[in-house]
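Q: One structure coming up, written as structure tokens, with questions to follow.
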Amino acid sequence: MRSVKGDLITLALAGEFDVIVHGCNCQGAMGKGIALAIKQHFPEAYAADRATEKGSRAKLGSFSSATVERQGRSIVIVNAYTQFDWRGAGMKADYDAIRSVMRGIALHFAGYRIGYPKIGAGLAGGDWARISDIIDEELDGLDHILVEFSG
């Protein structure tokens, strides 16, 4: 896994990525962290999330997406359903869901430049070492980059 420091959204807008992926819960909240920033910068991605069934466990391990046009380029925003809920104590990241969604991303976005934050390891409380192994396995051979936030 290659990594860079920076802001995922800024880098995407600058043309560094064709696809950006962020972790979402299945409740349609997008109210904190990178999800909130995605919602604010790319309301089309929030609309794609809202078009799914709120609170459905069936969403875990799947994704919704929106293709947006910004500054003369297309960017696909992927809402990866990697946790069921955001409420309550304890870890929210679902490792099986992360594996499943990354497998789907590999199938749908082979040949694209993919950027993502530490999905599942921030507010969701997952173990980044474990999650990064899953991402490396599922996106093996693809052009994917972790963007470690520095702002």
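The values are calculated or read from the model by the stated rules, or taken from the named source; none is laboratory data. Computed from a predicted structure; not experimentally measured. Backbone-built Cβ (ideal geometry, glycine too); neighbour counts: all protein chains shown.
Q: If you go through region 71-85, how many residues are over 17 Å from the mean Cα position of the chain (by Cα) and surrounded by 14 or more Cβ atoms within 10 Å (Cβ to Cβ)?
A: 0
Q: Would you confirm, using the coordinates I've provided, whether residue 34 is at pLDDT below 95 and closer than 21 Å to residue 14 by Cα?
A: Working: at pLDDT below 95: yes; closer than 21 Å to residue 14 by Cα: yes.
So residue 34 passes the test.
Q: Take region 40-69 and flag every residue that is exposed (fewer than 12 other Cβ atoms within 10 Å of the Cβ), touching a helix residue (DSSP H, G or I) at 6+ places or on another chain (Cβ under 9 Å) and in a loop (DSSP other than H, G, I, E, B).
A: 53 - this is the single residue of region 40-69 that is exposed (fewer than 12 other Cβ atoms within 10 Å of the Cβ), touching a helix residue (DSSP H, G or I) at 6+ places or on another chain (Cβ under 9 Å) and in a loop (DSSP other than H, G, I, E, B).
Q: Go through (1) closer than 17 Å to residue 33 by Cβ; (2) modelled with pLDDT of 95 or more one by one and return the number of the condition residue 122 breaks.
A: Residue 122 satisfies all of (1) closer than 17 Å to residue 33 by Cβ; (2) modelled with pLDDT of 95 or more except (2).
Q: Taking region 105-117, which residues are in contact with a helix residue (DSSP H, G or I) (Cβ under 8 Å, 6 or more places away or on another chain) and outside any loop (DSSP other than H, G, I, E, B)? So that I can check it myself, show each step before the final result.
A: The first filter runs over region 105-117 and keeps only residues in contact with a helix residue (DSSP H, G or I) (Cβ under 8 Å, 6 or more places away or on another chain), leaving 105-106, 114-117.
Matches in region 105-117: 105, 106, 114, 115, 116.
Q: Looking only at region 90-119, count every residue that is within 23 Å of residue 37 (Cα to Cα) and among the small types (Gly, Ala, Ser) and tell me the total.
A: From region 90-119, those within 23 Å of residue 37 (Cα to Cα) are 91-94, 97-98, 101-102, 105, 109, 112-119; that's our starting set.
Narrowing the set further to residues that are among the small types (Gly, Ala, Ser) leaves 93, 97, 115.
So the count comes out to 3.
Q: Hey, can you tell me all the residues within region 1-34 that are touching a His at 6+ places or on another chain (Cβ under 6 Å) and over 22 Å from residue 133 (Cβ atoms)?
A: Of the residues in region 1-34, the ones touching a His at 6+ places or on another chain (Cβ under 6 Å) are 9, 34.
Matches in region 1-34: 9 only.
Q: So, one more: Identify the residue in region 18-31 that is modelled with pLDDT of 85 or more and not in a strand (DSSP E or B) and, among all such residues, is surrounded by the most Cβ atoms within 10 Å (Cβ to Cβ). Step through it out loud before you land on a result.
A: First, the residues of region 18-31 that are modelled with pLDDT of 85 or more: 18-28, 30.
Checking the rest, the ones that are also not in a strand (DSSP E or B) come to 18, 26-28, 30.
Values: 18: 18, 26: 24, 27: 18, 28: 18, 30: 22.
Among them, the one singled out is 26.
Q: Out of the residues in region 70-89 meeting the condition of being in a strand (DSSP E or B) and in contact (Cβ under 8 Å) with a residue 60 or more places away in the chain, tell me which one is nearest to residue 14 (Cα to Cα). Steps first, please.
A: At the first step, the residues of region 70-89 found to be in a strand (DSSP E or B) are 70, 73-83.
Checking which are in contact (Cβ under 8 Å) with a residue 60 or more places away in the chain leaves us with 75, 83.
On the way: 75: 11, 83: 29 Å.
Among those that are in a strand (DSSP E or B) and in contact (Cβ under 8 Å) with a residue 60 or more places away in the chain, it is 75.
Q: I'm trying to understand the selection: among the residues of region 90-101, which are in contact with a strand residue (DSSP E or B) (Cβ under 8 Å, 6 or more places away or on another chain) and in a helix (DSSP H, G or I)?
A: Kept after step one, since they are in contact with a strand residue (DSSP E or B) (Cβ under 8 Å, 6 or more places away or on another chain), are these residues of region 90-101: 92-94, 97-98, 101.
Scanning region 90-101 gives 97, 98, 101.
Q: Of all residues in region 118-151, which are in contact (Cβ under 8 Å) with a residue 60 or more places away in the chain, in contact with a helix residue (DSSP H, G or I) (Cβ under 8 Å, 6 or more places away or on another chain) and outside any loop (DSSP other than H, G, I, E, B)?
A: Scanning region 118-151 gives 135, 144, 146, 147, 149.
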